[in-house]
Structure formats: C-alpha cells, structure tokens
Amino acid sequence: RKEVEQDPGPFNVPEGATVAFNCTYSNSASQSFFWYRQDCRKEPKLLMSVYSSGNEDGRFTAQLNRASQYISLLIRDSKLSDSATYLCVVTPYSGGGADGLTFGKGTHLIIQP
Amino acid sequence: NAGVTQTPKFQVLKTGQSMTLQCAQDMNHNSMYWYRQDPGMGLRLIYYSASEGTTDKGEVPNGYNVSRLNKREFSLRLESAAPSQTSVYFCASRHHLDTEAFFGQGTRLTVV
C-alpha cells in the first residue's frame, strides 16, 4: 500500500456545486496533515492544516479520521478559481523516511461554468 | 517576505553539461528539500537536509548532489545532465517536523 493515496481525478464539477475528496495514509504514526493547492506549472501552496477536531476556512472544510486513516477536503459553492490540483501531505511527529514529509500525487479538480 | 527563492526559473542544458540550482530561504527554517515533479509522477524527493551540515538521499538521488551551504541555502547540482533529468525542480523548507513546508517558485529544466 502506498504511503499516501489520492484519487487522481479529474473531478469535473459545475460551478456552485459542493465537491469532496479524500486522502488515505498508511503510517498510523502520522501526526500532522495538510492540504496544498497547486496551480498548473506553479509551486504547491498551503491551503490549510488539518486538525484532529477538523477545521474550516471559508468555503473549505478539512477533516481527519484517525481510525480509518484518511483526511478529507470539502469545497462548498465551488468557484472557477478553485480549479487546481489538491495535494495531501502527511508527516509523522518524528522519524520516518525523508524527514517525514510525504506527499500524495494529487487530485485534479476542474470547475466548469 | 521573500520566503523561498529559487534560481534560475528556466534553464536549457545540453546533455553532459553541468549546472547548479540555487535555493535560499529567509524564514530561519531547519529543514530544506529538493523535489522534482514530472507529469503523472507527483513530487519526488531528491535530497533533503534536516539541519545545517547534514544531507540525506531521498527517493531519486542518482545523478544529483547537494550542498547545505549554511542554514539559509541549499543547492542542487547536476554534474552531467541527461534528458531524463528534464523536469520541474522545487525547493522547499520547513521549521519543524510537524509544520508545513513552503515552496520556491520552481526551476523548469530542459536537457536536450
């Protein structure tokens, strides 16, 4: 099983709709979780951290399910500008290979007018 | 705030040429990373440096060398470029193991 798995998509969603996607991780020692956004040919940028209690930032909600080892991202009232690739990142508190920073391959989201 | 700065942004090399990609961060971060990103492959770690004076191999280190010159700077060197090294290269840094990483704008490298 890969360390971090995401559905690559693409997810084609009409503007204004709600879309959600998950990311599963294999290392139960993972402690910190993040969602990044990457626009075409640009660098990944932090979208939001994912806390145990879940967190919300405007139209975006992130949740963590430790028992099932996945994190989710929900986007409400989607905008054309939300079209991007969303990367899931997990990191154990200590140890782990490569200094513990593990990226998923990303989920491609296309918002259609 | 400059954050993470990479140079150059674009580069074309001939097979066998060498070059160094530069990366500097002004956030006093401990860890720095070099990734390459190819279509359909996601981000793949080349090398990383957990602290000043240390470097370690990542997933795809062959054909590359790195130097953590000081806490701010982490360079990536291609000694003899090959077409397989055509890619987009990202430098990243973070403060602690449980904090988010910040990325540079990337270097688009083509080896012909």
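Here are a few things to note about the model shown:
- In summary, B:Asn30 fulfils each of the numbered conditions (1) surrounded by 19 or more Cβ atoms within 10 Å (Cβ to Cβ); (2) in contact with a Lys or Arg (Cβ under 9 Å, 6 or more places away or on another chain) with the single exception of condition (1).
- For the residues B:Thr55, B:Thr107, the requirement of being of a type in the set (Val, Ile, Thr) and over 25 Å from A:Gln38 (Cβ atoms) singles out B:Thr55.
- Checking region A:95-109 against the condition returns no match, with no residue being at pLDDT 95 or above, farther than 23 Å from B:Phe103 by Cα and away from chain B (no Cβ under 14 Å).
- None of B:Ala24, B:Ala81 is part of a strand (DSSP E or B), crowded, with 17+ Cβ neighbours inside 10 Å and at pLDDT 95 or above except B:Ala24.
- Residue ID - surrounded by the fewest Cβ atoms within 10 Å (Cβ to Cβ), chosen from residues in region B:103-112 that are away from chain A (no Cβ under 11 Å) and out of contact with any Leu (no Cβ under 6 Å at 6 or more places or on another chain): B:Val112
- Matching option when the condition is within 11 Å of chain B (Cβ to nearest Cβ) and either closer than 19 Å to B:Ala101 by Cα or touching a Gly at 6+ places or on another chain (Cβ under 9 Å) (or both), among A:Leu64, A:Leu87: A:Leu87
- Residues in region B:3-27 that are among the aliphatic types (A, V, I, L, M) and in contact with a Phe, Trp or Tyr (Cβ under 9 Å, 6 or more places away or on another chain): B:Val4, B:Leu21, B:Ala24, B:Met27.
- From the options B:Glu52, B:Glu100, residue that is in a loop (DSSP other than H, G, I, E, B) and within 8 Å of another protein chain (Cβ to nearest Cβ): B:Glu100
- Of all residues in region B:58-90 being within 9 Å of chain A (Cβ to nearest Cβ) and not β-branched (Val, Ile, Thr), the one that is farthest from B:Gln6 (Cα to Cα): B:Glu59
- Residues that are closer than 24 Å to B:His96 by Cβ and touching a Ser or Thr at 6+ places or on another chain (Cβ under 7 Å) do occur in region A:36-46, at least one of them.
The values are calculated or read from the model by the stated rules, or taken from the named source; none is laboratory data. If you're wondering where the values come from, they're calculated on a predicted model, not measured in any experiment. For neighbour counting, all protein chains shown are included, and Cβ atoms are generated from backbone atoms with ideal geometry for every residue, glycine included.
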